[in-house]
Amino acid sequence: MLFDFELIKSVYEKMPERVNEARKVLGKPLTLSEKILYSHLSVEEKGEKFERGVDYVNFAPDRVAMQDATAQMALLQFMNAGKAKVAVPSTVHCDHLIQASIGAEKDLADAKDQNNEVYNFLESVSNKYGIGFWKPGAGIIHQVVLENYAFPGGMMIGTDSHTVNAGGLGMVAIGVGGADAVDVMAGMPWELKMPKLIGIKLTGKLSGWVSPKDVILKVAGILTVKGGTGAIVEYFGEGADAMSCTGKGTICNMGAEIGATTSIFGYDQNMSNYLRHTGREQVADLADVVMEHLRSDEEVYQNPEKYYDELIEINLSELQPYINGPFTPDLAHELSSFAKAVKENDYPQTLEVGLIGSCTNSSYEDLSRAASLAKQAKDKKLKVKAEFVVTPGSELVRYTTERDGILKEFEDIGGVIMANACGPCIGQWKRHTDDPTRKNSIITSFNRNFAKRNDGNPNTHGFVASPELVTAMAIAGDLCFNPMTDTLINEDGVEVKLDEPTGLEFPPNGFDMKDSGYLAPQANGSAVVVDVKPDSERLQLLAPFGEWDGSDYKGLNLLIKAKGKCTTDHISMAGPWLRFRGHLDNISNNMLIGAVNYFNEETNSIFNPVSGTYDEVPATARALKAKGVGSIVVGDENYGEGSSREHAAMEPRHLGVKAVIVRSFARIHETNLKKQGVLALTFADKTDYDKIQEKDQIDIIGLTDFTPGKPLTLVITHEDGTSDQIVANHSYNKVQIEWFKAGSALNLIRKQNN
C-alpha cells in the first residue's frame, strides 16, 4: 500500500539542497549516512559540523513505529505529554503478544481473547491520537514497515531494536525506547550522539548455499555484540548492489546484534524493484530521480578508507554459510568447522527443533528457497528428523506463499505454520517437550539466541543460521550434518544428497492478500475515550516520577552486582511477562530476576539489607523503597544489550534504583535510563568493578555540580568500615542533565507544553 506520499515527496524535494549544504559544511564528499543525517537535522541545528562519536545532535525523524509490547508504555507516556495528536506519522503493530503453540488460526484466536483488553486500549489510543493501527495477525512490525512505510533516504525511529530492518530499503531507522518515541510524536527534537561510521565493502556475489544471513553472521563474529556500538554500519560495493532488497533487510535487521545504531544500504535497482512490487511505484519514481543523493558520493566508494572510521571487506564469492551460537549471536562458526565445534564443546548433537521466519528472514525469497529443500525432502523420501516451525512475517507474504503452494511444501514434511507474529523469536513459544529443562539444541533463522530467549529453558542451546540451512539441518536432525558435503539415508535405505536451494525474489503472479489488517485513525479523535480500568492487572495509568531533590545521593544500598552478560532480557524478561507490559508495578516483579548475582552466581537471589537474608531482587528493591532507602545496580560490559525495551529502565526507577554503574553500556539502554531519571554511570577505571562488595553502601558525590564532562565520585563504604572512592564517568549533556533534574524526560516535556 502507499502511505504518506506527500511526506515522502517533501523529503525528496528538499534533499538535494540539504545534501549540497551539508557537503559545503563538512567540506568533503559525503557517505549515504551523512546525507540522511544532515538532511534530517532539527530546526535548532543550523550550519554546523558535528564530530562523530562526540557531539549530541537534534534530529527530526519522518515517522515512528511501535510494536504492541512497547507501544503500551510509550502511549501511556504520550498520554501525559499534553498533545492532542501525534506530530509525525506513527503506527502500532500487534505482533508480540501472540503465543505460538498449535498453529496460526488457533493461536491467533487465543491471543485475541487473552489480550482483548490490551488490543482495545491500543486501538482506541491510536484512534484518539491519529496513529495507524495494525491488527493482530497483520504481521511483524519490521516486515510490515518494509512493505509499506520504509523509503530510501528517510529517517525513522521505532520502539524495537530491530527497527533497523528498514535500512534494507535505504532508510536510517533506529531502535529507541518509548520515551524517545514520545519526543518525536510530541513534535520535539530527537537527540542522538552523531554516530561513527563503519563501512563494509561487499565484493563478489552470493551463490549456492550462501545467503545474505551469512553476511551478518560473519560480521557479528568480526565486530562482536558491542563492536558496532555508537556507529552506523554502511554496506556498499558490487556485492551489495547485487543483493535483493529483502536480503539487505535481513543484514540490517541483525545489525542490532552488534550494537550498531543502525545499518544501511545505498539505493539501487533492487530497491526500486521492491518498491514497485509492493505497490509503491510512485515512491520508486521519485527515488529514481534523486538516486545520486540516496547513495554515497562516488569519491567515497573509490576511497572508502578516507571516509569511514572502520572499514571491513567481505568477498561474497568466498563466503561460507555460518551457524552462530549458542547463547550469543556473535559466536560465529563457518559451516565447514561447525561439527568440530559441536563435538569439542559438547553441544547436544541431536537437533530437536528447526524454526524459520521471524522479522529477520520471512521474505518471499527466504521462504521459497527454504521450500525448495522441503520439496527435495519429500521427493527424495527423506523423513524429517526434527520438529519444524514456520513463522511468516506478514499477511502479504503469508497469503502469497500459501497461494503459490510454498507453505504446503513445509506442511507436507510436517511443518507447522504459526501466526504472522514474533512468537518463538521473543520467547512467545509454548514449546511442546517432555522435559522443559533438558539440555537440548534448536536452530533458528531468528536474530537472538541468549539463554532462555526462545523457550525459557537455560539449557536450550540456540543456534542461528539462514532459513535454508535451518531447513536442511531440521531434515537431518543432526547438528553435525553439512548439507554441502554430507549425504542422508532415505526411507528406502538409499543414500541421497540435498541439492543447493533455489528460490524467487518476487512471486511470479505478484503479491496479494485479502485483508491487510490496517485500521486508519479518525481524522479528529478528540471524542475518543481511552478507558483504563483502575483494577486492571495489565494496564496502569502512569504517575510522574519525582523530581531530583537537589542533593547528592547518600546511603544507597547495593541492590545487585550483575556478573557477565546482562541483557534487557535479564533485566526485564519477555515471554509470560509480556502480559504486564502496560502495568509498571506488576511487570516490575520481573526486575533483574535473570541477572547473575556476582556474589553467589545465582539468579534472583541477593542479600536483602532490610531482612538480613537472601531474597528475590524485586522483593529486596521494594523493601528498600518502603524504608525510604535508594539503591544502586552494578553491571559488567555492554550492560543492557539486546531489545530496546524501556521497561528495563522504568522498573528500576519505579522500585527506587537511583543509579546504574557499569563497565560499559549498550546504547539504547543507556539512553533509556537517562530518559527515566536513573543515573547512568560508567567506571572510569573498569577494575573498580571488583571493589564493589555485597553489603556496600554508596554515596554519589558531585550531583550538586552536575555538568557535562565532569565525572562524579562514588564513596563506597564496606561492611568492615573501610571505604573506597571511585571515579564515575558519564555521557550526559546539558539537556540530559535537565531530564535528570526534572525526574524524567517526560516530566520536562510536560512542563514545556504547559
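A few points about this structure:
- Solvent-accessible surface (1.4 Å probe) assigned to ASP512 amounts to roughly 70 Å².
- The figure for PHE511 is an accessible area of roughly 50 square angstrom, using a 1.4 Å probe on the protein chains alone.
- Each principal axis of the Cα cloud of segment 152-198 was taken in turn, and the coordinate range along them, longest first, works out to 28, 19, 18 Å.
- Computed helical MRE - 222 nm, the chain, DSSP H runs ≥ 4 contributing -39500 (n - 2.57), nearest 500: -9000 deg cm²/dmol
- Burial ranking of peptide ranges 292-301, 697-706 (average Cβ count within 10 Å, highest at the top): 292-301, 697-706
- Overall form of segment 467-622 per C-alpha gyration tensor (a/c, 1.5; a/b vs b/c): oblate
- The distance separating the Cα centre of segment 298-358 from that of segment 737-754 comes to 43 Å.
- Here's how it looks for ALA173: its modeled amide H is under 5 Å from those of MET156, GLY167, SER263, which are all 5 or more places away or on a different chain.
- On the chain, 47 percent of the accessible area sits on carbon and sulfur atoms, based on a 1.4 Å probe.
- ASP499 sits among other residues whose Cβ lies under 14 Å from its own Cβ, and their net charge, with Lys and Arg +1 and Asp and Glu -1, is +1.
- Length-normalised contact order of segment 12-163 in % [C-alpha pairs under 8 Å, at least 6 apart]: 28 percent
- Taking amide H atoms as placed 1.01 Å from N in the peptide plane, the amide H of PHE463 lies under 5 Å from those of ILE442, ILE443, THR444, each 5 or more residues away in sequence or on another chain.
- Net +/- balance of residues flanking ARG431 in space, Cβ distance below 15 Å, scoring K and R +1, D and E -1: -1
- Per residue, the accessible area of segment 286-376 comes to 40 Å² when a 1.4 Å probe rolls over the protein heavy atoms.
- All Cα pairs of segment 194-314, percent lying beyond 18 Å: 52 percent
- Of the peptides 448-454, 159-165, 174-180, the ranking by mean beta-carbon count within 10 Å, highest at the top, reads 159-165, 174-180, 448-454.
- Helix runs (DSSP H) in the chain reaching 27 Å along axis by Cα, Kyte-Doolittle at least -1.0: 5-26
- Segment 113-179 and segment 529-546 have Cα centres separated by 22 Å.
- Cα gyration tensor, segment 330-425 - rounded (a/c under 1.5), prolate or oblate: prolate
- Rolling a 1.4 Å probe over the protein heavy atoms gives segment 414-509 an accessible area of 36 Å² per residue.
- Principal semi-axes in Å for segment 620-750 [√(5λ), Cα gyration tensor, largest first]: 22, 17, 15
- Qualifying GluC sites (Glu not before Pro) in segment 584-687, where qualification requires a DSSP coil assignment and no more than 13 other C-beta atoms within 10 Å, comprise GLU601, GLU602.
- Direction-averaged projected area, Cα convex hull, the chain: 30.7 nm², rounded to one decimal.
- Normalised contact order of the chain, rounded percent, pairs of Cα under 8 Å and 6 or more residues apart: 14 percent
- Highest mean first, the peptides 214-221, 531-538, 134-141 sorted by other C-beta atoms within 10 Å per residue fall in the order 134-141, 214-221, 531-538.
- Anisotropy class of segment 85-172 from Cα gyration tensor, a/c 1.5 cut: oblate
The values are calculated or read from the model by the stated rules, or taken from the named source; none is laboratory data. What you are looking at is a predicted structure, and each value in this text was computed from that prediction instead of being measured. Note that each Cβ is placed from the backbone with ideal geometry, even for glycine, and that neighbours are counted across all protein chains shown. Ligands, DNA and RNA are excluded from the accessible area calculation, which covers all protein heavy atoms including side chains. Shrake-Rupley method; radii C 1.70, N 1.55, O 1.52, S 1.80 Å.
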